[in-house]
Amino acid sequence: MPECTLFFEPEYAKVGDVIPFFDEETGRMENFYLKGWNPDAPGDRVIRGWHRISMEGHRVTEERPAGIEGGTGSILRVDGLYHMFYCSFDFDQTPVAQWVRHAVSPDLEHWTDRPEEKFGPDGVIYRRTDWRDPFVFRNEESREWWMLVAARKNGPTERNGCVGLCVSKDLSRWEYRPPFYSDHRNPSAHECPDLFRMGDWYYLLYSNYSDGFGTFYRMSRSPSGPWLRPKVDTFDGRAFYAAKTAWDGAHRYLYGWNPTKGENAKGFDPGKDFGKDYRAWNWGGSLVVHQIVQHGDGTLGVCPPDSLSALFPAERTVEVVPLSGSWQSADGVLTGTSDGSYMSALGGSIPERCRIQTTLVFQGSPERFGLALQVDEAFDFGYYLMFEPAYHRIQFRSGLRMYEDGGQMFPYGVEMERPLDLEAGREYALDLYVDGTLGLLYVNRDLAFGFRMYNWLGRRLGFFLVGGNLTVSGLSLGTERMEGTGG
C-alpha cells in the first residue's frame, strides 16, 4: 500500500473506474475498481482487471485482485448469491468488439464466469461498436431486471451516444429495448451509467468524454422519464470522471477519479517541456469521494464526507501580509478595497497535506477575486482559484499563463472552470483539501472543484482582488497527521 494519503492512488498504478457496492447483508461498503498500471510498473506486480478495496471512512485500508479481467460494471446480491456484471473487449477485431459479461460468487472473493451468457449490441437498435459498463437494478414496477449499458444508437448522425437498455426475468437472458436515455448530444457512448432514487426523485448518472468531459446527471419523477437536465448538471470539474454512487444506509456517496498527468498516451504533450502541469491528462488517477447533497427542488450538489473533514481536527490561524494594494487587517479579518488595480496578499506555507478553510464576502463589482496556491512574493507562478461574478464561475488558472509561453500554449481563454452564481454580500465558505499534487475545493458544502498542481509545491497561500471590496475571515489551516493508508 502507498504512504498515507487523503485520496487513494495505488503504487505503480492509477485508480480507474470505481464499482461501489453496499452489502446489506454485512452492512459494509464492498467496493471494486479498475486498476490502471503505469508504464514503469514492475512486471511481477501487474495483475490486471478488477481489484477489491476495503475502506474505512472512505480511506482504503487493503486491496486485492478480484480475479476478473474486464471493464466497468455493477454488483448486486440476489438470494444469497452475488452477481457481477462487467464488460470485455476483443482488441484483435476492427472495430473492437465489446461484450457484456456475467460472473457469480458466494462470497465476493471467488468468482465463476458464465461465458455462455456474454452478449454484444444487436446491430439494429444499437450500433456494433460501444457496448460496455452494464448497470443492473430491479425495476419493481415491471418486476423485471433492467440493465443500463454505455452504447451508441443507430441513427442519422454521429451524435448517437446513449444509455442503452436490456431487460431480463432471470439475470441470464436479456432482451434489447430502445435506449433508456438518448439526447443526441455526444458522439460517444454515455459511459458508466448509474441510477438511484432519493426521496421523490430518480437520478440517472453517466460520464462522457466528447463535446464536454465529465460526469453528468439527469433527474425524473419516474424511472421511465422524462429526464430533466438541471441548470448545473455536473458534480465536479474536468478533473473528475467515471463517477458512480452507493448508499451506505445513511448517505449516498459519489466515487470517481481525479486524473494524473504525464504518460502522454495520445501524443498530445508539447514538444518543449513546460513541466508536468502542461501535459495531457491520464486515464485514471486518485480516488475522490463526494457526499451527495439534495436540494429542495430535487437538484444535487456535493460536500466533503465527514470522514474527510474529521482528519484535520487541529487547526491554526494563518497570518496574511499585504503585498500590493489597500488591505486592512483586524481581529483575524482581512479587508481589501480595489479601484480596479490588482491587489495581492500573502499567507503562510502550504503543507503537503492539509485543509484550508476561510470565508469570502465581496461587495461592489469586482472583476475577479480569490485564492492563490503555491505562490511566493512575486505572486506570479502558482495556481489561482478565480471567482468571477460577471461570468458566474470559478476559474482555475496556472502560473505559466501569466507569461508569453502560456499565452502561446493555450489557444483558449479558460483552463478549467465551474459554474457558480456569485452575489454581492453573500458568504462563500471555502473548504480546500491539498494532498500533494491534488487540490479539491468545496464551496458552501455544495460545489466541488478538483485540480492538479505539479510544477510548484511547498510554497505559500495568497489572496487577490481586482475591483470592488473583499473580506476574508475565519482563515485556518488544518495539519493533523493521519495514521494508516488510503483515501
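Rule-based calculations on the coordinates, nothing more; no lab input. Just so it is clear, the model here is predicted, and its values are computed rather than measured. Methodologically, a virtual Cβ is constructed for each residue, glycine included, from the backbone with ideal geometry; neighbour enumeration extends over all protein chains shown.
Label points 7 Å out from Cα along the Cβ direction at GLU423 and VAL46: separation in nm?
With each label placed 7 Å out from Cα toward Cβ, I get 5.4 nm.
If the chain between ASP297 and GLU144 were fully stretched, how many nm would it gain, using 0.36 nm times the residue separation less the Cα-Cα distance?
Here the answer is 52.1 nm.
Sort ASP183, ASP211, ASP194 so that the residue with the fewest other Cβ atoms within 10 Å of its own Cβ comes first and the one with the most comes last.
ASP211, ASP183, ASP194
Sort VAL15, VAL472, VAL46 so the one with the fewest other Cβ atoms within 10 Å of its own Cβ comes first.
VAL46, VAL472, VAL15
Report the calculated FRET efficiency for MET198 and GLU25 (r = Cβ-Cβ distance, R0 = 25 Å), to the nearest 0.05.
Given R0 = 25 Å and the Cβ-Cβ separation, E is 0.65.
Ratio of the stretch 238-371's C-alpha Rg to 2.2 N^0.38 Å, to two decimals?
My calculation over the Cα atoms of the stretch 238-371 gives 1.41.
In square nanometres and to one decimal, what's the mean projected area of the convex hull around the Cα atoms of the stretch 36-161?
Here the figure is 11.5 nm², rounded to one decimal.
Compute the FRET efficiency between THR359 and GLU56 as 1/(1 + (r/R0)^6), taking r as their Cβ-Cβ distance and R0 = 35 Å, and round to the nearest 0.05.
Once the sixth-power term is evaluated, E becomes 0.65.
Let me see the P(r) profile for the stretch 315-478: every Cα-Cα distance counted, bins of 10 Å, each bin given as a percent of all pairs.
With 10 Å bins starting at 0, P(r) equals 10, 43, 40, 7, 0.
Please identify the chymotrypsin sites (Phe, Trp or Tyr not before Pro) of the stretch 378-415 that satisfy two criteria: DSSP loop assignment and at most 12 other Cβ atoms within 10 Å. Which are they?
Of the chymotrypsin sites (Phe, Trp or Tyr not before Pro), the ones in loops of the stretch 378-415 whose Cβ has at most 12 other Cβ atoms within 10 Å are TYR403, TYR412.
Please rank GLU263, GLU141, fewest neighbouring Cβ atoms within 10 Å first, as an exposure proxy.
Ordered from fewest to most neighbouring Cβ atoms within 10 Å, GLU263, GLU141 come out as GLU141, GLU263.
If you stretched the chain out fully between ARG445 and ASN264, how much longer would it get, using 0.36 nm times the residue separation minus the C-alpha to C-alpha distance?
61.7 nm
Can you show me the helix-derived [θ] at 222 nm for the chain, built from DSSP H runs with n ≥ 4 at -39,500 (n - 2.57) apiece and divided by the number of residues, rounded to the nearest 500.
-500 deg cm²/dmol, from helical runs alone.
What number, in nm² with one decimal, is the all-direction average of the projected area of the convex hull of the alpha-carbon atoms of the stretch 199-314?
Projected over every direction and averaged, the Cα hull of the stretch 199-314 covers 10.2 nm².
Just list whichever of LYS118/LYS153; LYS118/LYS231; LYS14/LYS272; LYS14/LYS266 have alpha carbons separated by over 28 Å in the model shown.
LYS118/LYS231
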